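Structure first, then comments.
The values are calculated or read from the model by the stated rules, or taken from the named source; none is laboratory data. No experiment lies behind these values; they were computed from the predicted model shown. Here the Cβ positions follow ideal geometry from the backbone for every residue, glycine too, while neighbour counts run over all protein chains shown. Remember, those area values only see protein heavy atoms, side chains included, never the ligands or the DNA or RNA. Shrake-Rupley method; radii C 1.70, N 1.55, O 1.52, S 1.80 Å.
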Amino acid sequence: LSNPNEQTTGDYWKTPEELQKGIDACYRALRFNGEYSRWLHILYVARSDEGYSHSPNAYFQAYSNFKIGSYNDDSAEAVFYTWLDNYKGIFWANQVLDNAPNIQMDETLRDRIMGEAYFLRGLQYFNLAGVFGRGPITLTSYAREDAPVIGEQEDLYNQALKDFKDARDRLPEKYSNSSDLGRAIKGSALGKVLMQQHNWVEAETVCREIFNLKIYKLVDNYTDNFTAINENNSESLFEVQYAYGIQAGNELGCNRAKFMGLPVDGCSWDDSTPRTALKGDFEQEKTTDGKVDPRLKATLAFYDASTPDEKFYGKTWTQWGLDQNNIYWRKYTNWDTQTYEDYNSGINFRVVRLADIYLLYAEALNELNRTSEAYDYINKVRNRVGLCNLENSKVFTDIGNDKEKMREQIMHERMTELCGESWRWLDLERWGYFESAEKIAYLKSRDDDFSNFKIGVH
């Protein structure tokens, strides 16, 4: 007998309302532990030269130091949940794409919903390419007799690129209803995959198209990009939506702050800790009025002798008994608004923001031998935090139109602007740092975990 209380794929996917619920459910995968709630940050941040782990949990150390012993037990939780949750997201997006053409409904709305599904599927394949470098490519939710194609990294990037392009053709530039904030929009991530493929020409075009929309601008306060204040702001191209506490019986918060923050009174497990070299990156250059780069304190928590009374979760560094030589992540934590962290931080994670696109555009211009044009876009990012124009810097000098020197400078600019935002691993990959013994030696000088890195294995 058919159970009248149980929905199946045979009796669902009939109405526009069901399709809308289907695409809304696809966004849920982004909040799974294997995606932006926890493990992607561990694998992208702790595994790069930005971070390491001295967690009492040996599993977390293994994620950072390239010594994962087994992929079949709890020691590889970050690995198999990231794999599992991304493929869940792909399967759900495939359900929408398989069923949308058969539903009688407004064509414009159907196209938009399919665009969202293409975008979300593309984002999953992009992250699978970045984390794993290979994996099956499944483009339907229907049962199939043959095994799916196993794609190498370039195949996964190509699928992400195709999905992002299909999404761009269907998505709006922005949404008129506030209830739609957080949905995918035109061009949100297309440039990111093009850059990973070294497709500088098309990446330059896509970035310029984003600027020409004239709907994005840098927010005045850099820190607004990492708190619950001013979410979905003018700088954000796409962000994962989170909420504090329990919402309608569900946890809709982010775990990141609980795993990557200050290890005081249970606030954080300190499972991913920033390398001290990062602090030096910020301290190389002062602002035009002689102050420390404000991004330093927006990014890292540390003891500052000039402000010994600064409080973190209600107490000073000394009151917490923290080592004055240690540094921790401050981005995306509730250090100034709460006295604790739990597994439900409501801070939205900004996946792609305009400052990132400015720096990618500068990089594409430089690779296209248009180095002189790159300065304007680097300066937009520098000027926001009070740094002088790059060409006037007393620290970074003699760059001129030297392509190699500008490439090195862009690496520095991306570190100070995007540190801890889960892009460094992909940046290093794009710059060829995992393919050269000389470059691995540089990473080792910043992060001893790279002593265990073997070219062509990880």
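Taking first residues from segment 367-387 that are closer than 14 Å to HIS412 by Cα and free of Cβ contacts under 8 Å to residues at least 40 places away in the same chain and partners that are part of a loop (DSSP other than H, G, I, E, B) and among the β-branched types (Val, Ile, Thr), no Cβ contact under 6 Å between residues at least 6 apart in sequence or on separate chains turns up. Is it the case, given these coordinates, that THR316 is modelled with pLDDT of 95 or more and under 30 Å from ASN65 (Cβ atoms)? Here the answer is no, as THR316 does not meet what is asked.
Taken over segment 168-193, the criterion of being surrounded by 21 or more Cβ atoms within 10 Å (Cβ to Cβ) and of a type in the set (A, V, I, L, M, F, W, C) is satisfied by LEU171, ALA184, ILE185, ALA189, LEU190, VAL193. Pull up segment 220-234, narrow it to residues that are part of a loop (DSSP other than H, G, I, E, B) and among the acidic types (Asp, Glu), then point me to the one that is most open to solvent (accessible area, probe 1.4 Å). Per the criteria, the residue is ASP220. Consider ALA76 carefully, then state whether it is within 30 Å of ASP270 (Cα to Cα) and without any contact (Cβ under 8 Å) to a residue 24 or more places away in the chain. Here the answer is yes, as ALA76 does meet what is asked. State all residues of segment 258-289 that are open to solvent by 50 Å² or more (accessible area, probe 1.4 Å), part of a loop (DSSP other than H, G, I, E, B) and not aromatic (Phe, Trp, Tyr); if no residue qualifies, say none. Within segment 258-289, ASP265, THR276, GLN284, THR288, ASP289 qualify.
Note on segment 247-257: residues that are in a strand (DSSP E or B) and modelled with pLDDT under 95 amount to 3.
Checking the conditions here, which among ARG407, ARG350 is closer than 24 Å to SER234 by Cβ and either within 21 Å of the chain's Cα centre (by Cα) or assigned to a helix (DSSP H, G or I) (or both)?
On the way: ARG407 fails: closer than 24 Å to SER234 by Cβ.
Step by step, each of ARG407, ARG350 is checked, and only ARG350 is closer than 24 Å to SER234 by Cβ and either within 21 Å of the chain's Cα centre (by Cα) or assigned to a helix (DSSP H, G or I) (or both).
Would a scan of segment 384-401 turn up a residue that is part of a helix (DSSP H, G or I) and within 23 Å of HIS54 (Cα to Cα)? No.
For first residues located in segment 45-60 and among the charged types (D, E, K, R), partners that are outside any loop (DSSP other than H, G, I, E, B) and open to solvent by 10 Å² or more (accessible area, probe 1.4 Å) and lie 6+ apart or on another chain with Cβ distances below 6 Å form the pairs ASP49/ARG446; GLU50/ARG424. Just so you know, in segment 94-144 the residues that are hydrophobic (A, V, I, L, M, F, W, C) and over 23 Å from VAL193 (Cβ atoms) include one that is surrounded by the fewest Cβ atoms within 10 Å (Cβ to Cβ), and it is ALA143.
Taken over segment 376-410, the criterion of being hydroxyl-bearing (Ser, Thr, Tyr) and either closer than 19 Å to ASN212 by Cβ or open to solvent by less than 30 Å² (accessible area, probe 1.4 Å) (or both) is satisfied by TYR377, SER393.
Let's see how each residue does on (1) in contact (Cβ under 8 Å) with a residue 24 or more places away in the chain; (2) closer than 21 Å to ILE42 by Cα; (3) under 21 Å from the mean Cα position of the chain (by Cα):
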position: SER268; (1), (2), (3): yes, yes, yes
position: SER272; (1), (2), (3): yes, yes, yes
position: THR276; (1), (2), (3): yes, yes, no
position: LEU300; (1), (2), (3): yes, yes, yes
position: ALA305; (1), (2), (3): no, no, no
position: THR318; (1), (2), (3): no, no, no
position: ILE327; (1), (2), (3): yes, yes, no
position: THR333; (1), (2), (3): yes, yes, yes
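Annotation note: Cβ proximity below 6 Å between a residue of segment 392-419 that is β-branched (Val, Ile, Thr) and a residue that is open to solvent by 60 Å² or more (accessible area, probe 1.4 Å) and at pLDDT 95 or above (sequence gap 6+ or interchain) occurs for VAL395/GLN284; ILE399/LYS405. Before we move on, is ALA78 more than 22 Å from ASP427 (Cα to Cα), outside any strand (DSSP E or B) and in contact with a Phe, Trp or Tyr (Cβ under 8 Å, 6 or more places away or on another chain)? So ALA78 does not fit the description; no. Selection over segment 145-167 of residues that are surrounded by 13 or more Cβ atoms within 10 Å (Cβ to Cβ), in contact with a Lys or Arg (Cβ under 7 Å, 6 or more places away or on another chain) and over 19 Å from LEU84 (Cβ atoms) gives a count of 2.
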